[in-house]
Amino acid sequence: TEGTASSDVSAQKTDGSGEKLVIGVALNEEIDFVNELQNALEEKAAQAGDIEVIFTNANGDAEKQLSDVDSLITQSPDVIVMRTVDSDAGVACVEAIKEAGIYCVIQDTPVNTDLYDCRIVGDQSMVGQLVGTYMQEWLDGDESRMIHMGYINGNTSETIKKRETGIYDAVDPARIETFSSQVAQGFSAEGAMSYAEDWLQSQPDMNCIACANDEMAAAAIQALTAAGIDFEDFLVFGCDGGAIGQQYLESGELDATVYQSVSKVAETVLEVSRGLADGQTYENKMYDPKCYELL
């Protein structure tokens with residue numbers, strides 16, 4: 001929620017001159033959601049007419065992201081928005097932004113400092129709860145059913161972990177067994193495929209793989225397909241609802257994914273950036289874009 005203007009606004013850059021609001025965006029990965037977010041930000045900035053957005057993408061390299069941020073700082077934007085590559089390495093990026101007198105917004109990803117001005121992040125537990133609701137409906141369809149699940153996270157952050165733990169808020173605990181919860185660091189599709197292949201050898205009762213994004217779910221589906229798994233009897237879940245997720249939903253191999261509305265996230269990034277430049281503050285430095293729905 002929006003609060004009152006902070007007491008040190010005069011020390012920060014603002015767009016009060018009537019010139020364009022300039023936003024630097026330091027992206028973290030070359031994945032569907034991030035690419036779609038860049039496109040949405042470009043489109044909405046063009047529609048606004050008074051916003052210029054400058055993009056960089058570190059492609060998973062924390063050192064490159066620090067260099068990217070330094071490059072953005074030299075261009076003197078009003079706000080720098082970051083999706084951090086690494087929660088620890090991201091601290092130096094935030095510190096550099098604030099030392100330059102520029103507003104700092106974190107979009108979704110974790111960072112081990114609270115020096116930023118606002119973090120835009122949805123309730124990740126809701127991702128798991130939506131998937132869990134689908135699972136419970138599947139269980140309710142036949143009282144003899146059980147879920148034997150392997151879960152693949154994309155990193156070790158507590159934020160992303162909630163995409164898994166939220167599941168257990170919605171499913172009868174007597175009817176779900178998570179035999180393994182693993183991390184494919186960097187949301188690695190290759191890592192997800194490796195876990196799926198290992199489980200196929202070691203877990204004969206497995207009938208569900210859930211993943212923290214759609215690219216990993218697609219990799220798991222490829223491993224299952226190669227093993228001749230019948231998807232009528234096997235549940236697969238992802239998150240993001242991008243092109244890959246929609247492709248596998250249509251083919252029937254992905255049961256559900258949680259769509260994060262790129263349009264809503266982009267609108268929120270621009271709204272919060274403009275708000276900061278106009279002197280607004282945000283309660284607990286947090287803003288929930290309320291962007292999740294089950295596909």
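Quick one: helix 214-226 against the long Cα principal axis of the chain, what's the angle to the nearest 10°, folded into 0 to 90? Helix 214-226 sits at roughly 20 degrees to that axis. In the chain, the longest principal axis of the Cα atoms and the axis of helix 89-99 are about 20 degrees apart.
Rounded to the nearest 20, the size of the Cβ-charge dipole of region 78-132 about its Cα centre is 140 debye, with Lys and Arg at +1 and Asp and Glu at -1. With a ≥ b ≥ c the root eigenvalues of the C-alpha gyration tensor of region 138-252, is it rounded (a/c under 1.5), prolate (a/b larger than b/c) or oblate? Here region 138-252 falls in the rounded category.
Taking every Cα-Cα distance in region 193-259 and sorting them into 5 Å bins from zero, the calculated P(r) comes out as 4, 20, 34, 25, 13, 4, 0 percent. Near Ala256, the amide H atoms lying under 5 Å from its own belong to Val236, Gly238; only residues 5 or more places off or on other chains count, and H is placed 1.01 Å from N. Backbone geometry of region 43-48 corresponds, through the Karplus equation with coefficients 6.51, -1.76 and 1.60 at θ = phi - 60°, to 3J(HN,Hα) couplings of 5, 6, 5, 5, 5, 5 Hz, x marking Gly and Pro. Selection among Leu139, Val127, Leu115 by position relative to the dipole of region 92-147 gives Leu115 as farthest towards the positive end (Cβ unit charges, Cα centre). Beta bridges assigned by DSSP with both partners in region 23-140 are antiparallel in approximately 0 percent of cases.
Based on DSSP H segments of at least four residues, each scored -39500 (n - 2.57), the chain has a per-residue ellipticity at 222 nm of -12500 deg cm²/dmol. GNM on the chain, alpha-carbon springs under 10 angstrom: the most fluctuating residue among Asp68, Asp230, Asp123 is Asp230.
Rounded to the nearest Hz, the phi-derived 3J(HN,Hα) couplings of region 163-171 under the Karplus curve 6.51 cos²θ - 1.76 cosθ + 1.60 (θ = phi - 60°) are 4, 8, 5, x, 4, 6, 6, 10, 10, where x marks glycine and proline. Once backbone amide H atoms are built at 1.01 Å from N, Val183 has Asn153 as its partners under 5 Å, excluding neighbours fewer than 5 places away on the same chain. On a 0 to 90° scale, report how tilted helix 262-277 is relative to the longest principal axis of the chain, with both axes built from alpha carbons and the result rounded to the nearest 10. Once rounded, the angle reads 30 degrees. Spin-label model, Ala226/Glu19: points 7 Å from Cα along the beta carbon direction are separated by 5.4 nm. Other residues lying with their Cβ under 11 Å from the Cβ of Ala58 contribute a combined charge of -4, Lys and Arg counting +1, Asp and Glu -1. Here the gap between Tyr168 and Glu52, fully extended at 0.36 nm per residue and compared with their Cα-Cα distance, gives a gain of 37.5 nm.
Ignoring ligands, DNA and RNA, what percent of the accessible area of region 50-164 is carbon or sulfur (1.4 Å)? All intermediate terms of the calculation are to be shown ahead of the outcome.
Details: 1920 of 4470 Å².
The C+S portion of the solvent-accessible surface of region 50-164 is 43 percent.
The radius of gyration of the Cα set in the chain, together with its Dmax, comes out at 20.5, 67 angstrom. Take every DSSP beta bridge whose two residues both sit in the chain, then give the antiparallel share in percent to the nearest 5. If we restrict to bridges inside the chain, about 10 percent are antiparallel. Which shape class, rounded, prolate or oblate, goes with region 151-196 when its Cα gyration tensor gives a ≥ b ≥ c as root eigenvalues, a/c under 1.5 marks rounded, and past that a/b bigger than b/c marks prolate? Oblate is the answer for region 151-196, as a/c is 1.5 or above yet b/c matches or exceeds a/b.
Surface calculation, 1.4 Å probe, protein heavy atoms: Ser263 sits at approximately 50 Å² accessible.
The values are calculated or read from the model by the stated rules, or taken from the named source; none is laboratory data. Predicted model, so just to flag it, every value in this text is computed and none were measured. Cβ sites come from the backbone with ideal geometry, for glycine too, and all protein chains shown count toward neighbours. These accessible areas exclude ligands, DNA and RNA; they are computed on the full protein's heavy atoms, side chains included. Shrake-Rupley method; radii C 1.70, N 1.55, O 1.52, S 1.80 Å.
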